[in-house]
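The values are calculated or read from the model by the stated rules, or taken from the named source; none is laboratory data. Everything numeric in this text was worked out from a predicted model, so none of it was measured. Glycine also receives a Cβ, built like all others from the backbone with ideal geometry; neighbour counts cover every protein chain displayed.
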Amino acid sequence: MRSDYCGALRSADIGREVTLCGWVDRRRDHGGVIFIDLRDRDGIVQVVFDPDAAEHFEQADRVRGEYVLQLKGRVRARSEATVNPNMATGEVEVYGIELEILNIAETPPFQLDEHTAVGEDVRLKYRYLDLRRNEMQRNLRFRSKLTTAIRNYLDDMGFLDIETPILTRATPEGARDYLVPSRTHDGKFFALPQSPQLFKQLLMVSGFDRYYQIAKCFRDEDLRADRQPEFTQIDIETSFLGEEEIMSITEGMVRGLFQQLMDVDLGEFPRMSYEEAMLRYGSDKPDLRIPLELVEIKDLMTEVDFKVFSGPANDPKGRVAAIKVAGGNDKLTRKQIDDYTKFVGIYGAKGLAYIKVNDSTDLENGLQSPIVKFLPIEVRAAILERLQAQSGDLIFFGADSYKVVSESLGALRCKLGEDLNLYTSEWAPLWVVAFPMFEENDDGSLTALHHPFTAPSCSPEELAQNPLGALSRAYDMVLNGTELGGGSVRIHDQEMQQAVFRILGIEAEEQREKFGFLLDALKYGAPPHGGLAFGLDRLVMLMTGSDSIRDVIAFPKTQSAACVMTDAPGTVDSRQLRELNIRLRLKEEQVG
């Protein structure tokens, strides 16, 4: 039906007769000459109809926004005065000869331009219209180019694209699984995969030593602003390579993507241990574009007569740390400081102490804060020295459990970086390594920091003797404070896998029930292997500069994990439930 895409026409096409198809972006009538901006996925071109086109001119007079057209015309140069440098096709226009209206359109519920001021729920309800907007077209075209480049890179590196099942069994984190009832197995359920983790490990046992997949994954998580219940993962696994080689391959892929698609050289990725990241930045995914750092002052607060500080300072699991904002006295108002106090409360902090350094040479009267009176002169001096504070600086303090202080000050650090525009570079990649194997829950039980198939950097005996002191062979790729991907060398030895399960409280019977197939596979010559999984949605979001992953997914869910366009999830017919042997127990408020 067409010879060319609208957005592809250039000066080299002048004189050609073309057939175009697309949507009316705008229609203008200038004194008997009708201008139609015709839009397709490649862009917009201006088409001109004058009365010489006879009945086709009359057709052009009838068209309105979002009508679907097919038209024929001749490409010609625009006059010098009408060249539009803001359009890729701005040097040319099409002189219209024929026009056919393929379909009419009602007025859309919102404007389909770059400055659409409409709520996200409306955009998602009419997503098929929202996707016509240039921003969304650009994002999804970029996503397609990105996945093609990923496939080409991994294909060239000898990786095989192998699909793994969507219907599988529930994982140990079963509360987060989406369950699918089985009609043919009464009372039993499949689960949608949170990750292809076990299947890709089994592929390594099978001898397919380089696997990848751009895989759909599903997680029934609590509501969070920028998470999706279904998301896309770039899944990679390989045998007979250690962490350094796996990191090299995947770093090369990401660096190549930025170079090829954005002409950006990310350079070599620095390394940082988990311990250092938490100490300096309060996060295992620090944004290195922000120069602010957390400074440990726990040792300075053990003897102060102020329990807010001395309590955590004398608690082995406590932390007291500070952040210095250079020149912060002039940059931040009292209201902003109060707002930051509310902000850190989101992360469990009970408050946010601060000191304004009005005069760093006057320890008696040069420091302004409600807490100064509780700090002896020598402690004040030690704090200023350790933070290298100068007159005009503002210091924030956190004192609580190690986790609360790290999370709250780590988040505050990023908030300050954004609010004060403290970024020192556009891109800041990083590898975070040397993670602990386990973290302790409030009840004293242990959880795998990554997942229970991650290999520790010690023997099973050493692991059993000191599980909280054990490090894993895990690594995370971080970019601008966002975790792009996480991976590890996996456990390929049955004894080690069972040792990890025992530490996690998974005893022999449960091991056989949930992971018998994996434990059996490890007995039959499982090779050393490892891999990494990237979040494709996050990667596209970062590379396109989008504000949300919902802007880089064609048909995303809302924050409440619903699709307002199709009204999903929805009810199902009672007959279908009977076939599945399912009876619903509605909550009282639903019944009433």
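Of all residues in the stretch 153-175, those that are surrounded by fewer than 17 Cβ atoms within 10 Å (Cβ to Cβ) and more than 30 Å from Leu241 (Cβ to Cβ) total 3. The residues on offer are Asn329, Asn314, and the sole one that is within 27 Å of Ser283 (Cβ to Cβ), of a type in the set (S, T, N, Q) and touching a Lys or Arg at 6+ places or on another chain (Cβ under 6 Å) is Asn329.
Look at Lys324 and say whether it is surrounded by fewer than 19 Cβ atoms within 10 Å (Cβ to Cβ) and not in a loop (DSSP other than H, G, I, E, B).
No; evaluated as a whole, the condition is false for this residue.
Scanning the stretch 325-353 for residues that are aliphatic (A, V, I, L, M) and over 19 Å from Cys414 (Cβ atoms) yields a single hit, Ala353.
I'd like to check something: does the stretch 372-385 contain any residue that is within 23 Å of Gly282 (Cβ to Cβ) and in contact with a strand residue (DSSP E or B) (Cβ under 6 Å, 6 or more places away or on another chain)?
Scanning the stretch 372-385 turns up no residue that is within 23 Å of Gly282 (Cβ to Cβ) and in contact with a strand residue (DSSP E or B) (Cβ under 6 Å, 6 or more places away or on another chain).
The listed residues are Phe534, Phe555, and the only one of them that is part of a loop (DSSP other than H, G, I, E, B) and at pLDDT 95 or above turns out to be Phe555.
Residue pairs whose Cβ atoms lie under 8 Å apart, sitting 6 or more positions apart in sequence or on different chains, and linking a residue in the stretch 282-293 that is within 14 Å of Ser425 (Cα to Cα) to a partner that is part of a loop (DSSP other than H, G, I, E, B) and of a type in the set (D, E, K, R), are Arg289/Glu426. Note on the stretch 235-255: among residues that are of a type in the set (Ser, Thr, Tyr) and not in a helix (DSSP H, G or I), the one that is farthest from Leu146 (Cα to Cα) is Ser239.
Which one is farthest from the chain's Cα centre (by Cα) among residues in the stretch 59-93 that are among the β-branched types (Val, Ile, Thr) and closer than 26 Å to Ala105 by Cα? Out of the qualifying residues, it is Val63. Among the residues of the stretch 368-412, those that are surrounded by 14 or more Cβ atoms within 10 Å (Cβ to Cβ), within 16 Å of Gly327 (Cβ to Cβ) and either among the hydrophobic types (A, V, I, L, M, F, W, C) or within 37 Å of the chain's Cα centre (by Cα) (or both) comprise Leu384, Leu387, Ala389, Gly392, Asp393, Leu394, Ile395, Phe396. Entry remark, the stretch 20-35: residues being hydrophobic (A, V, I, L, M, F, W, C) and over 39 Å from the mean Cα position of the chain (by Cα) number 3 in total.
Screening Asp265 on (1) outside any loop (DSSP other than H, G, I, E, B); (2) among the acidic types (Asp, Glu); (3) touching a helix residue (DSSP H, G or I) at 6+ places or on another chain (Cβ under 7 Å) shows it passes everything except condition (1). Does Arg78 satisfy the condition of being modelled with pLDDT of 95 or more and more than 23 Å from Met1 (Cα to Cα)? It is true that Arg78 is modelled with pLDDT of 95 or more and more than 23 Å from Met1 (Cα to Cα).
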